[in-house]
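**Student:** Dropping the structure in here first, questions after.
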Amino acid sequence: MPKISVKGNSMPESPIRKLVPFAEAAIRKGRKIYQLNIGQPDIKTPSVALDAVRNHNIEVLSYSHSAGFEGYRNKLANYYKNHDIPVNGEQIIITTGGSEALLFAMGSIADIGDEIIIPEPFYANYNGFATASGINIVPVESKIETNFALPPIADFEKLITAKTKAILICNPGNPTGYLYTKEEIDQLAEMAIKHDIFLVADEVYREFAYDGAKHHSVMSIDKLKDHAIMIDSVSKRYSMCGARIGCLVSKNKEVIHTAMKFAQARLSPPTFEQIASEAALETPQSYFDDVIKEYTSRRNLLIAGLKSIDGVKVATPKGAFYCIAELPIKNADNFAKWLLEEYQLDNETIMVAPAAGFYSTPNTGLNQVRIAYVLKKENLERAIEILKNALTVYKD
């Protein structure tokens, strides 16, 4: 029998999606599941985006430019300028989701065996993208005790070698919800320039900043123009996860030229989804004001509820819509499966994402889970009640 590749065998499973078969089995038993495991917003997609697709009279569904529609890229540049990110359409490549933008970035800046330093815990698929690209992730640990703030710069610098090509951050963070301060972004910028490496920022949760905090983009730092690469997506901003439209942004001409070769190899991003994404740029500010108000309320309810449970430690997120909770258990993987296979409270249970998959360091985060507060408040309240009860009866 032919053998699977070493790379294929090395690809990590998603800690978010690997429990789906257990959830499907629980549903077949008639159980209701409150899904806290996945960042799928329940906020309605802006009607202006959906109407643009409904009302479009396309007779030939043709390719677009490999970089995406020029009109969309120029309008996107105007959107960024309104967020203090001065770029033009030629510095933007539209991609099939932020995922493809990350793959293009890694392929453009690093060779097989090169290294990228990432504060952990981090978005689990960074592990998969790095494996697919033949790149080694070098983790630097952030801690729940400091709310997952940026680790000391000295911790980064002692990890930098001749193989280090970039530092990658997610801001605000998935899975932690941490929002980097201007001082922290400036510190990272100085380090990138000092060591002549790239600073890649996954900024797909830009709008989700709470308590009056402001998001600071790496693209706003002029002296970083040759070092900064921004990853973005419409998925969370407009509740358009299924559209699979993202982008790679850089002022470095060589990065854009190189990424374009990857873009040409996959031909073009999807047409209807670009139409919807371009139209979504017309979404009024009132939409985001309402979304932030709603998520702030959900966050406050969830964090207060988790803190009320004996033995639970939780970091308070300043952005995105996730938090990491440390539970009084030994192994969150086992606990998550048990919740779906064996546990129920009045025929209801919850689904959480074990946090170990958001780390690169082995045997780290084993008793932590990521929780997404993308449910209505009454459902979050019920989910907290279920978790509290489950922890009283669970045996490691």
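**Student:** Take the range 206-236 and flag every residue that is touching a Gly at 6+ places or on another chain (Cβ under 6 Å) and either among the aliphatic types (A, V, I, L, M) or part of a loop (DSSP other than H, G, I, E, B) (or both).
**Tutor:** Within the range 206-236, 208, 209, 231 meet the criteria.
**Student:** I would also like to ask the following. Restricting attention to the range 264-296, report how many residues are in a helix (DSSP H, G or I), hydroxyl-bearing (Ser, Thr, Tyr) and either more than 21 Å from the chain's Cα centre (by Cα) or under 20 Å from residue 80 (Cα atoms) (or both).
**Tutor:** Qualifying residue count for the region: 4.
**Student:** Please list, ordered by first then second residue, the pairs with beta carbon atoms under 9 Å, 6 or more apart or interchain, first in the range 24-36 and touching a residue at least 60 places away in the same chain (Cβ under 8 Å) and closer than 18 Å to residue 390 by Cβ, second of a type in the set (A, V, I, L, M, F, W, C) and open to solvent by 40 Å² or more (accessible area, probe 1.4 Å).
**Tutor:** Listed by first residue and then by second, the contacts come to 33/27.
**Student:** Can I ask one more? Restricting attention to the range 171-180, does a residue exist that is closer than 30 Å to residue 41 by Cβ, at pLDDT below 95 and surrounded by 22 or more Cβ atoms within 10 Å (Cβ to Cβ)?
**Tutor:** no
**Student:** Right, something else. Only one of these is β-branched (Val, Ile, Thr) and buried (at least 16 other Cβ atoms within 10 Å of the Cβ): 374, 393. Name it.
**Tutor:** Step by step, each of 374, 393 is checked, and only 374 is β-branched (Val, Ile, Thr) and buried (at least 16 other Cβ atoms within 10 Å of the Cβ).
**Student:** Cβ contacts < 7 Å: first residue more than 20 Å from residue 121 (Cβ to Cβ), restricted to the range 336-364; second residue among the small types (Gly, Ala, Ser) and open to solvent by 40 Å² or more (accessible area, probe 1.4 Å), any location; separation 6+ or different chain. Result?
**Tutor:** Close Cβ pairs (under 7 Å, with a partner that is among the small types (Gly, Ala, Ser) and open to solvent by 40 Å² or more (accessible area, probe 1.4 Å)) amount to 347/30.
**Student:** Taking the condition of being surrounded by 14 or more Cβ atoms within 10 Å (Cβ to Cβ) and on the phi > 0 side of the Ramachandran plot, how many residues in the range 285-333 meet it?
**Tutor:** So the count comes out to 1.
**Student:** Within the range 9-23, does at least one residue satisfy the condition of being over 30 Å from residue 136 (Cβ atoms) and free of Cβ contacts under 8 Å to residues at least 40 places away in the same chain?
**Tutor:** yes
**Student:** Name the residue that is nearest to residue 368 (Cα to Cα), counting only residues in the range 145-156 that are part of a helix (DSSP H, G or I) and open to solvent by 60 Å² or more (accessible area, probe 1.4 Å).
**Tutor:** 145
**Student:** Continuing with this model, one more query. Go over the candidates 85, 58 one by one and state the one that is under 24 Å from the mean Cα position of the chain (by Cα) and either farther than 30 Å from residue 353 by Cβ or at pLDDT below 95 (or both).
**Tutor:** 85
**Student:** Let me ask another. Output the qualifying pairs, or none if there are none: Cβ atoms under 6 angstrom, residues six or more apart or on different chains, first residue in the range 174-192 and closer than 22 Å to residue 163 by Cβ, second residue open to solvent by 10 Å² or more (accessible area, probe 1.4 Å) and not in a helix (DSSP H, G or I).
**Tutor:** Cβ pairs passing all conditions: 189/221; 192/227.
**Student:** Determine whether residue 116 is surrounded by 23 or more Cβ atoms within 10 Å (Cβ to Cβ), in contact with a helix residue (DSSP H, G or I) (Cβ under 6 Å, 6 or more places away or on another chain) and assigned to a strand (DSSP E or B).
**Tutor:** So residue 116 does not fit the description; no.
**Student:** What about residue 315, is it of a type outside the set (D, E, K, R) and at pLDDT below 95?
**Tutor:** Yes.
**Student:** Suppose the filter is surrounded by 19 or more Cβ atoms within 10 Å (Cβ to Cβ), within 20 Å of the chain's Cα centre (by Cα) and not in a strand (DSSP E or B); does residue 105 pass it?
**Tutor:** In short, yes.
**Student:** Tally up the residues in the range 18-69 that are open to solvent by 40 Å² or more (accessible area, probe 1.4 Å) and part of a strand (DSSP E or B), please.
**Tutor:** Total satisfying the criteria: 2.
**Student:** Looking only at residues in the range 120-144 that are touching a strand residue (DSSP E or B) at 6+ places or on another chain (Cβ under 9 Å), open to solvent by 40 Å² or more (accessible area, probe 1.4 Å) and in contact (Cβ under 8 Å) with a residue 40 or more places away in the chain, which one is farthest from residue 320 (Cα to Cα)?
**Tutor:** It comes out as 141.
The values are calculated or read from the model by the stated rules, or taken from the named source; none is laboratory data. Remember, predicted model here, so these are calculated numbers, not experimental data. Reconstructed Cβ throughout: ideal geometry from the backbone, glycine too, with neighbour counts over all protein chains shown. SASA here: full protein model, heavy atoms, side chains in, ligands and nucleic acids out. Shrake-Rupley method; radii C 1.70, N 1.55, O 1.52, S 1.80 Å.
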